[in-house]
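The values are calculated or read from the model by the stated rules, or taken from the named source; none is laboratory data. Just so it is clear, the structure is predicted and the values come from calculations on it, not from any experiment. Backbone-built Cβ (ideal geometry, glycine too); neighbour counts: all protein chains shown.
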Amino acid sequence: MTNQTPETPRDIGPALAFAEPEVPVRAPWTFGVVLVNLGINAAFFGPIQVLLGQQAAHFDPGQKEAILALVTGAGAAVSMVGNPLSGAFSDRTAGRFGRRRPWVLAGALLGTVALVALAGAPGVAVMTVLWCLVQAGCNAAYAAITAAIPDRVPVLQRGTVGGLAAMGQTVGILLGAVIAAAVAGSFGLGYIVCAVVLIASVVLYLVRADDAPLTRSSVVPFSLGAFLASFWVSPRAYPDFGWAWLTRLLVNIGNHMVTLYLLFFLADAVHLERTTGIPSATGVLILTGLYAVMVIVTSVLGGKLSDRMGKRKPLVIASSAVIAGASLILAFFPTWVGAIVGALVLGIGFGAYLAVDFALITQVLPRAADRGKDLGVINIANSLPQVIAPLIAYPFVAFLGGYVSLYVAAAVIGLLGAVFVTRIRSVA
């Protein structure tokens, strides 16, 4: 047997797949990534915000809260496990279509079929299983599309592309809310529209993906023990990855603490309906819209700025501090004007944070061959706060000073995230 050089056709696919990208991506590829993020988030948040609740009330109006908690809790568990698993399997996918494209397609198909089936679910048990399948499919597509960015995008373009992807996510959330409102209580029709948006959103990326393929011989033989062990990324061996994971966890906990009780904050602390005549639920919608607009703007601007500066940490620290500032505004100015200013400031900070922190994270991934799995592990720091934040927030609201102490605590937690960013050494 003769030795093969790195230039032989047998090795050129893996070499490209694992290499640090140098050629800037073009607008059609980037737009495809944006659309996939938009479709996934529309498919997630249209149901989460409205449709699942309406379906729960349809099955049992007296137990709708318990049903919704069961369904969304099961889906969150699938999301937390499914994202890193899908990312890891996509890392190992060989074939001429590349590593990421098959998972974007398969995930979108699974999510689409499950959403359509949800429209006709006969009971709570089937509804729960189908929502878990939606989560599994959408998380598979999301893991793959997220890993595609460090696969294809040069370091000095990642802030821009990451910001555009974050913009797509935010527009998708808003689109999901619009779909749910437009169907006027027909949750079945809402699921079908979300399904159509999801499958349509992946078409451009699938056409333009051009993933570098792996050969089967370049994939390490599968071992269950080694596969499971790979999900532990040692903070001792990879300290920058560990600090990046911790900072994202803390900033997301602080952000969830701010938004968790917003409805009750407007009703009980701001006394919104009594002072302005605006119902608290409408107030939440207004604040969410203002927040989303600022996220869209600053995610794009912040990402571009970090690329031009060639630096990530200063902007991550600054945006984390801005997020903490929004919490303090809500804490000490519990008025409608204060809430509006707080929502705008929160959107400014979180939009820039989403774009720049993502670019930073892609620069501390341990191995090119494990990008999908490692970004899935990072995504746990996005999902876990949904569980942790309520456990931290409730005692502050109920026993430790109410909303002032809650929002001060959220600011402190977010600032800790900013402090720990300084421990990352390999990224400027």
If you scan segment 369-400, which residues turn out to be farther than 22 Å from Asn139 by Cβ and either in contact (Cβ under 8 Å) with a residue 12 or more places away in the chain or in the same structural domain as Ile149 (by TED's automatic domain parsing) (or both)?
Ile392, Ala393, Phe396, Val397
Out of all the residues in segment 121-148, which are surrounded by fewer than 24 Cβ atoms within 10 Å (Cβ to Cβ) and either modelled with pLDDT under 95 or part of a helix (DSSP H, G or I) (or both)?
Val124, Ala125, Val126, Met127, Thr128, Val129, Leu130, Cys132, Leu133, Ala136
Any residue at all in segment 187-197 that is free of Cβ contacts under 8 Å to residues at least 60 places away in the same chain, under 19 Å from Leu68 (Cα atoms) and either touching an Asp or Glu at 6+ places or on another chain (Cβ under 9 Å) or surrounded by fewer than 18 Cβ atoms within 10 Å (Cβ to Cβ) (or both)?
no
Segment 279-300, residues that are surrounded by 16 or more Cβ atoms within 10 Å (Cβ to Cβ) and more than 15 Å from Val345 (Cα to Cα)
Ser280, Gly283, Val284, Val300
Pairing a residue in segment 99-123 that is without any contact (Cβ under 8 Å) to a residue 40 or more places away in the chain with any residue that is among the aliphatic types (A, V, I, L, M), where Cβ atoms lie under 6 Å and the two sit 6 or more apart in sequence or on different chains, gives Gly107/Ala140; Gly107/Ala141; Ala114/Leu130; Ala114/Leu133; Ala114/Val134; Ala117/Leu130
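Does Ala343 satisfy the criteria of being touching a Lys or Arg at 6+ places or on another chain (Cβ under 6 Å), surrounded by 16 or more Cβ atoms within 10 Å (Cβ to Cβ) and closer than 23 Å to Thr170 by Cβ?
Working: touching a Lys or Arg at 6+ places or on another chain (Cβ under 6 Å): no; surrounded by 16 or more Cβ atoms within 10 Å (Cβ to Cβ): yes; closer than 23 Å to Thr170 by Cβ: yes.
When the stated conditions are applied, Ala343 does not pass them.
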Test result for Leu344, in the same structural domain as Leu262 (by TED's automatic domain parsing), in contact with a helix residue (DSSP H, G or I) (Cβ under 9 Å, 6 or more places away or on another chain) and more than 24 Å from Gly163 (Cβ to Cβ):
no
Looking only at segment 50-63, how many residues end up being assigned to a helix (DSSP H, G or I), of a type outside the set (Gly, Ala, Ser) and surrounded by fewer than 17 Cβ atoms within 10 Å (Cβ to Cβ)?
4
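What do you reckon, is Thr247 surrounded by 18 or more Cβ atoms within 10 Å (Cβ to Cβ) and either of a type outside the set (A, V, I, L, M, F, W, C) or in contact with a strand residue (DSSP E or B) (Cβ under 9 Å, 6 or more places away or on another chain) (or both)?
Values: surrounded by 18 or more Cβ atoms within 10 Å (Cβ to Cβ): yes; either of a type outside the set (A, V, I, L, M, F, W, C) or in contact with a strand residue (DSSP E or B) (Cβ under 9 Å, 6 or more places away or on another chain) (or both): yes.
The answer is yes for Thr247.
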Would you confirm whether or not segment 254-276 contains a residue that is of a type in the set (A, V, I, L, M), touching a Pro at 6+ places or on another chain (Cβ under 7 Å) and not in a helix (DSSP H, G or I)?
yes
Please go through segment 215-253 and give me each residue that is closer than 23 Å to Ile388 by Cα, part of a loop (DSSP other than H, G, I, E, B) and of a type in the set (A, V, I, L, M), ordered by number.
Val233
